[in-house]
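Okay, so here's the structure we're looking at.
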Amino acid sequence: MSALLRVEDLRVRFRTMGPLKALATGTKAPFIDAVCGVSFEIRKGETLALVGESGSGKSTIARTIIGLQRAVSGSISFDGQEIEELSGAERKPYLRRMAMMFQDPIGSLSPRLTVRSLLTEPFRIHGLKDRDAGAEAERLLRMVGLPADFARRYPHQLSGGQARRIGIARALALNPDLIIADEPTAGLDVSVQGEVLNLLARLQDELGMAILIITHNLNVVRHMTDRMAIMYLGRFIEVGSTERIFEHPRHPYTEALLAANPEPDPDAVLNRIELKGEVPSLMRRPSGCEFHTRCCYAQDICSRVFPEPSASPDDAEHSFRCHFPLERERAADIVEDR
Ligand code: SF4
Ligand code: MG
């Protein structure tokens, strides 16, 4: 499969205080690095998950891809075209082929617009005014399994699950090649979560778009995605096929996230290691391996030397940043020793 979206060495930085205040307080670095040199690609029709605790940089990557946030460096190319350097107008044809589903299903819908206006807004934004708004709204509602008379409703008249469906329908309006779904199940009841995910999966089968899912819900990752990237403090610390990582995580942080999953696999040996402590502040990054303050396998070198990514000997697509990547056998011994 060829790459639809390719992100290379992406860096995003936020200011934490203005230049004058920084000068007055003697602060040398009045900014934080929210995304630090992230590279990945999404192939046509594929589903990739970005996984990590809040503040790990997942949503920032999404916002940068769709142009809501500027990168300080790095490249983003879509279907072979570098888009980070394009002007707003030049970007538009590419942005039209990507759609974002924002995190809050109801809050992300403008409260004064009817469902019909919400669904057809993408046509207006992209200058496709000749479309028959009524017919388009009806078509989109049908795609997401809602009756045509929902077109007259306002966001406050929708349940969370219905609002999510409208979010999906709106994302599909321009028949995108890529949908970015930021926490698609957040705030929904478990039964509704299943419905929404099944709907997304069915639409992907029918329409063939790629999906980038941003989530900390590992059940979503397991059931929906082909590959996953685990983030910690703005970096990828493990990337690989979803099946492979669930079966054999190599990074201790991944292992701990899998262990914290509310529905762990009862047969997996690796599911018993706990994640201790809080995520460090981006303003005070730990030295060496940034996970060493929470890692139960940390050794001397870990606080001194930053681990470069290495690939699994038997799977070049599976890479991780750790001086002492987990072996199945070692994890089994540790569990037995307890
Ligand atoms: Fe833990 Fe060391 Fe690996 Fe970092 S490099 S994850 S501290 S074992
Ligand atoms: Mg987020």
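The values are calculated or read from the model by the stated rules, or taken from the named source; none is laboratory data. As the structure is a prediction and not an experimental result, all values here were calculated from the model. Every residue, glycine as well, gets a Cβ built from its backbone with ideal geometry; the counts of neighbours run over all protein chains shown. Side chains included, ligands, DNA and RNA excluded: accessible areas come from the protein's heavy atoms. Shrake-Rupley method; radii C 1.70, N 1.55, O 1.52, S 1.80 Å.
Observations on the model:
- Rule-of-thumb Rg ratio for the chain [Cα; 2.2 N^0.38 Å; N residues]: 1.06
- Per residue solvent-accessible surface (Å²) - the chain, probe of 1.4 Å: 48
- Bins of 5 Å, starting at 0 and running to the largest distance - Cα pair percent for the stretch 43-189: 2, 9, 18, 20, 20, 15, 11, 5, 1, 0
- Rg ratio (alpha-carbon, reference 2.2 N^0.38 Å) - the stretch 157-204: 1.09
- For the stretch 3-110, the fraction of 1.4 Å probe accessible surface lying on carbon and sulfur atoms is 51 percent.
- Mean Cβ count within 10 Å, highest first, over the residues of peptides 66-76, 136-146, 95-105, 248-258: 248-258, 95-105, 136-146, 66-76
- Phi to ³J(HN,Hα) by Karplus 6.51 cos²θ - 1.76 cosθ + 1.60 over the stretch 71-76, Hz, x for Gly, Pro: 8, 7, 7, x, 10, 10
- Cross-link partners of residue 129 among aspartates and glutamates, defined as those whose alpha carbon lies under 20 angstrom from its own and excluding same-chain residues fewer than eight positions apart: 90, 121, 138.
- Using alpha-carbon coordinates, inclination of helix 115-125 to the longest axis of the chain, degrees: 80
- Taken over the stretch 271-316, the ratio of Cα radius of gyration to 2.2 N^0.38 Å equals 1.35.
- Axis of helix 190-207 versus longest Cα principal axis of the chain: the two differ by about 70°, to the nearest ten degrees.
- Degrees between helix 160-172 axis and first principal axis of the chain (Cα, 0 to 90, nearest 10): 80
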